[in-house]
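Here the structure comes first, spelled out in structure tokens, and everything after it is commentary.
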Amino acid sequence: MNNAALPKTAKLHLWPKRIAITLAIALAAGAACFGAYVSDYYRAQDTSTLLSDAKAVSVEESDESIAIAPPGSLEGESSAKAGLILYPGAKVDPHAYVPLAEKIAERGYICVIAKMPFNLAFFGIDAASGIMDNYPQTDSWWIAGHSLGGVAAAQYAASHADVLEGIAFLASYPVSDLSETDLHALSAYGSQDLVLNRESLAENATKLPANTKTVAIEGGNHAGFGAYGPQKGDGEAAISADEQQEAFANAFGAVADADRQ
């Protein structure tokens, strides 16, 4: 018997099943598309070569984060000035920020790179809370984020300003309003960055804390804050990624050191 021969009431009973099948197909297709999207991410360079000298810093990696710190500070043998939690850019391997974290550590700060679900910081906005709990020897913290990671970091900072000293944006800007907070802030971007939306950067400047220092890194681009190679749509850098990271580390060190005085 085909469906046309079924009584009207019987046909109505088929609709829930049809809807369930349609929803199941749609969900499966959506999951497949999402899986394909997140599996195509920017991978870090060979992690064995990312640290210039592993003996110059302390390194600790877990399922949740990668911590790079001044020698002995992770083991409690010495103390760091403060801590910086870094949220990676969207679909960027967290290991790509190890060279930058090393430079932060060389200036006396613990830098902890958060590992995000699916490499998307919006799925781990509250990761900073767990990181701070894991390193109780550090009682002064900054949060930072690269690109969309900065937007997520700002969202965290907006509701946790009381436990943070400051926030740093790497080719990013806040969508959450931080203007009424007492946070110190650093906004840094490369002059050759073609990924960063400059109009949005300007429009959201009013949401930055009053204590914000802006640094345009001459010759830098969007991808230069990490070690993951060229990024689609980005400008060509006139300086090396190492030089760009050094410039950011210098700027952060200056702002964070001034905050401590």
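The values are calculated or read from the model by the stated rules, or taken from the named source; none is laboratory data. All values reported here derive from a predicted model rather than from experimental measurement. Cβ: placed from backbone, ideal geometry, glycine included. Neighbour counts: every protein chain shown. Just so you know, the surface numbers come from the protein's heavy atoms only, side chains and all, with ligands and any DNA or RNA stripped out. Shrake-Rupley method; radii C 1.70, N 1.55, O 1.52, S 1.80 Å.
What to note about this one:
- Residues (in a helix (DSSP H, G or I) and under 20 Å from the mean Cα position of the chain (by Cα)) located in the range 171-218: 198, 200, 201, 204, 205, 207
- Test: residue 164 is over 18 Å from the mean Cα position of the chain (by Cα) and open to solvent by less than 20 Å² (accessible area, probe 1.4 Å): no
- Residue 243 open to solvent by 50 Å² or more (accessible area, probe 1.4 Å), among the acidic types (Asp, Glu), without any contact (Cβ under 8 Å) to a residue 40 or more places away in the chain and out of contact with any helix residue (DSSP H, G or I) (no Cβ under 6 Å at 6 or more places or on another chain): yes
- Candidates are the residues of the range 128-139 that are of a type in the set (Gly, Ala, Ser) and surrounded by fewer than 19 Cβ atoms within 10 Å (Cβ to Cβ); the one that is farthest from residue 64 (Cα to Cα) is 129.
- Residue match in the range 64-86 (condition: among the polar types (S, T, N, Q), surrounded by 10 or more Cβ atoms within 10 Å (Cβ to Cβ) and modelled with pLDDT of 95 or more): yes
- Taken as a whole, the condition of being within 26 Å of residue 209 (Cα to Cα), open to solvent by 10 Å² or more (accessible area, probe 1.4 Å) and touching a Ser or Thr at 6+ places or on another chain (Cβ under 7 Å) applies to residue 90.
- Scan of the range 219-235 for residues that are part of a loop (DSSP other than H, G, I, E, B) and in contact with a Pro (Cβ under 7 Å, 6 or more places away or on another chain), ordered by number: 227
- Members of the range 204-229 that are over 15 Å from residue 189 (Cβ atoms) and in contact with a Phe, Trp or Tyr (Cβ under 9 Å, 6 or more places away or on another chain): 207, 227, 228, 229
- Residue check for residue 182: acidic (Asp, Glu), over 17 Å from residue 87 (Cβ atoms) and surrounded by 15 or more Cβ atoms within 10 Å (Cβ to Cβ): no
- Residues that are within 21 Å of residue 122 (Cα to Cα) and among the acidic types (Asp, Glu) within the range 72-112 comprise just one, 93.
- Hits in the range 59-113 (condition: among the polar types (S, T, N, Q) and more than 13 Å from the chain's Cα centre (by Cα)): 62, 73, 78, 79
- Counted residues, the range 195-235 - those being among the charged types (D, E, K, R), within 19 Å of residue 92 (Cβ to Cβ) and open to solvent by 80 Å² or more (accessible area, probe 1.4 Å): 1
- Residue list for the range 125-140, filter: touching a residue at least 40 places away in the same chain (Cβ under 8 Å) and more than 21 Å from residue 63 (Cα to Cα): 140
- Tabulated pairs, the range 166-178, first closer than 7 Å to residue 154 by Cβ, second open to solvent by 10 Å² or more (accessible area, probe 1.4 Å) and assigned to a loop (DSSP other than H, G, I, E, B), C-beta under 7 angstrom, 6+ apart or interchain: 174/208; 178/208
- Helices (runs of 4 or more DSSP H) (entirely within the range 98-168) containing at least 1 residues that are farther than 23 Å from residue 215 by Cβ and modelled with pLDDT of 95 or more: 127-134, 148-159
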